[in-house]
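The values are calculated or read from the model by the stated rules, or taken from the named source; none is laboratory data. Bear in mind that the values here come from a model prediction, so they are computed numbers and not experimental data. All Cβ positions, even for glycine, are placed from backbone atoms using ideal geometry, and neighbour counts span all protein chains on display.
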């Protein structure tokens, strides 16, 4: 197989920018991937953020002006991880430059910004665009997705998709941009974490028709880091009760309930993603809290008793969308999920993903903003809102 080199650059040299750089350095772990990416450039308005990237031997461009990356022929693909209020301008600039884009969620601070980004996508077909969502690339999540798609669950009865952590549990933690509407957006925690919870349901074709939302601003004030107090005007936690039309027109019920939870303050959780789906013939659930295990529900024949209900455990191993040199019996982690997301992104860009699970589509990312807007309206009016 011929291998193509792809020049990658990063806009935003913070936590996720460094994670991506680390993931690309492990590319040789992938087996027979059609491309080899090289991190050639990084842009950040803070020069101090660029210091770490000087340790990456392939990086040739370090700049405080991201336009330098967009005009450089060595750059083919751009990954962007910046504040939500900066998405629209930077994303549209990247897309219209003709570079490919892997963009962080929520794909714009609100629906208007997402629409502007989608317009750029539609007007620039040479730019391959996807939205980042790495957690569903855990092998257990992929096992669950494939099992659901197989039809083994029968008619879907109910589903739950959640992303739970406790990053804001400490009430003395100083305010940051994610706790301010002007930077994070009115959707708050939904903007920050929601794509992780909607990536799989939307990929399965579950497009909700209505929502009843319970949104919580649990800590309305925090230290401002300067000795004073600042207002926290975004939602900390969101629980969305959604109705999803059955794709099967013969279903006895027109819709099934999908519960989506996105929470920054969930006691007992550090960074947990979970998916649980139950149907008339079976069920499946997976949580990153127990990353090696997938649970499958089935009816078991018990001699002398008959059929009994049983949740059975299966070890998922290490293999995800793209095969790696790692032994199948070994463990998988967050860094591996980022590598898998990038493997899927670049393979799909080359037309060689072969129908396997890929990063979130621009259309899926844009749709989440319609869901969030309906959820905000539901909270304000205390009623079910159509989407």
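Screening 191, 122, 146 for residues that are modelled with pLDDT of 95 or more and not assigned by TED's automatic domain parsing to the domain that holds residue 314 leaves exactly one candidate, 122. Taking the criterion of being touching a helix residue (DSSP H, G or I) at 6+ places or on another chain (Cβ under 8 Å), part of a helix (DSSP H, G or I) and within 24 Å of residue 208 (Cα to Cα), would at least one residue in the range 168-180 satisfy it? Within the range 168-180, not a single residue is touching a helix residue (DSSP H, G or I) at 6+ places or on another chain (Cβ under 8 Å), part of a helix (DSSP H, G or I) and within 24 Å of residue 208 (Cα to Cα).
Here the condition is being farther than 17 Å from residue 345 by Cα and in contact with a strand residue (DSSP E or B) (Cβ under 9 Å, 6 or more places away or on another chain); of 84, 67, it holds for 67 alone. Restricting the search to helices (runs of 4 or more DSSP H) fully inside the range 51-125 and requiring at least 3 residues that are surrounded by 15 or more Cβ atoms within 10 Å (Cβ to Cβ) and in contact with a helix residue (DSSP H, G or I) (Cβ under 8 Å, 6 or more places away or on another chain) gives 87-96, 111-123. With respect to residue 230, is the statement that it is outside any loop (DSSP other than H, G, I, E, B), in contact with a helix residue (DSSP H, G or I) (Cβ under 7 Å, 6 or more places away or on another chain) and either under 30 Å from residue 313 (Cβ atoms) or assigned by TED's automatic domain parsing to the domain that holds residue 380 (or both) true? So residue 230 fails the test.
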